[in-house]
Amino acid sequence: MRVFEEVDAARTRLGEMIAEASRIVVFTGAGISTESGIPDFRSPGGIWSKMKPIMFDEFMASEETRLEDWRRRFKMAREFTAVAPNAGHRAIAALLASGRAGAVITQNIDRLHQRAGAHDAAVVELHGNAFGAACLECGLETTLAAAEKTIAETGRAPRCTACGGIVKSTIISFGQPMPADAMRRAQAEARDCDLFLAIGSSLVVYPAAGIPLVAKQAGARFAILNREATELDPLADAVLRGGIGEVLGPFALG
């Protein structure tokens, strides 16, 4: 493992690795979106230091808790809509558009990859996203606007119009099972790539943080771009330090 702490050196090394790869998979965490002004969840001053997360079993058990969860989701969606993708998001979209990258696997729920130009089919959202809603029983999809209208009119959390089941935002809550299809696809993409780029992730939240290990074990080269050290740094072929936008910026040009 080599650590590249100067931005120019990190950018040069990343460019070399991209040029040598035939199929790249990008894995992103909160660090890429903090550069757009979205606070992360776990660090001091982050979202969970200001409010206690709502567990999935609490959401299921209490109407009052469901209403609080919806209030948070509506506020979060508005906040995410107000920010813009940054150079890091645009660079990843350019890699996808060029055909060099086959997928971006993200822990983020803000859909900034798609707003930067990534095709929705190329983005694997491991933790869901902040802009959808669905019935937990039958899977019927609905919208945040419909949920907000229901609460405004009835004072009650929305129920499925087809089966009467509980409707929830598509963000994966603590204690909620991970989306099986997204996990299977992420693992398949990791196994099929020859360069796995982990960008802006602390790589401590499992099972998502196990995806880079799938790629490494399948023989891919593994690079980490993050401001801080991660537990997986010793396993990486290259560790790149610096701001994500600074390092990736030139790659946004294609």
Taking the dipole about the Cα centre of the chain, with the C-beta of Lys and Arg at +1 and of Asp and Glu at -1, give me whichever of Ala30, Ala152, Ala208 is farthest to the positive side. Ala152
So what J values fall out for the range 165-174 if you push phi through Karplus, 6.51 cos²θ - 1.76 cosθ + 1.60 with θ = phi - 60°, rounded to Hz, Gly and Pro as x? x, 6, 9, 9, 4, 7, 6, 7, 8, 4
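Take every Cα pair under 8 Å in the range 144-254 that's 6+ residues apart, average their separations, divide by the length, and report that relative contact order as a whole percent.
That works out to 17 percent.
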Specify whether the C-alpha gyration tensor of the range 123-166 places it in the rounded, prolate or oblate class, a ≥ b ≥ c being the square roots of the eigenvalues: rounded for a/c under 1.5, otherwise prolate if a/b is larger than b/c and oblate if not. oblate
Within the range 16-40, list the residues whose amide N lies under 20 Å from a label point set 7 Å along Cα→Cβ of Lys75. 34, 37-40
Can you list the residues, at least 5 places off or on another chain, whose amide H is less than 5 Å from the amide H of Phe27, using H built in the peptide plane? Ile105, Leu197, Ala198, Ile199
Length-normalised contact order for the range 19-158 - Cα pairs under 8 Å, 6+ apart - percent: 25 percent
Quick one: compute the contact order of the chain, relative version, from alpha carbon pairs under 8 angstrom and 6+ residues apart, as a percent. 29 percent
One finds the C-alpha centres of the range 69-87 and the range 124-168 to be spaced, in Å, by 17 Å
Restricting to the chain, what percent of DSSP beta bridges are antiparallel, rounded to 5? 25 percent
May I ask for the angle, rounded to the nearest 10°, between helix 63-81 and the longest principal axis of the chain, with both axes built from Cα atoms and the value confined to 0 to 90°? 40 degrees
Rg and Dmax [Cα atoms of the range 103-254; Å; Rg one decimal, Dmax integer]: 18.2, 56
What's the angle, to the nearest 10 degrees (0 to 90), between helix 144-154's Cα axis and the longest principal axis of the chain? 20 degrees
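Bear in mind that the values in this text are calculations on the coordinates, not laboratory data. Note that this is a predicted model, so its numbers are computed, not measured. Neighbour counts are summed over all protein chains in view; Cβ atoms, including those assigned to glycine, are modelled from backbone coordinates with ideal geometry.
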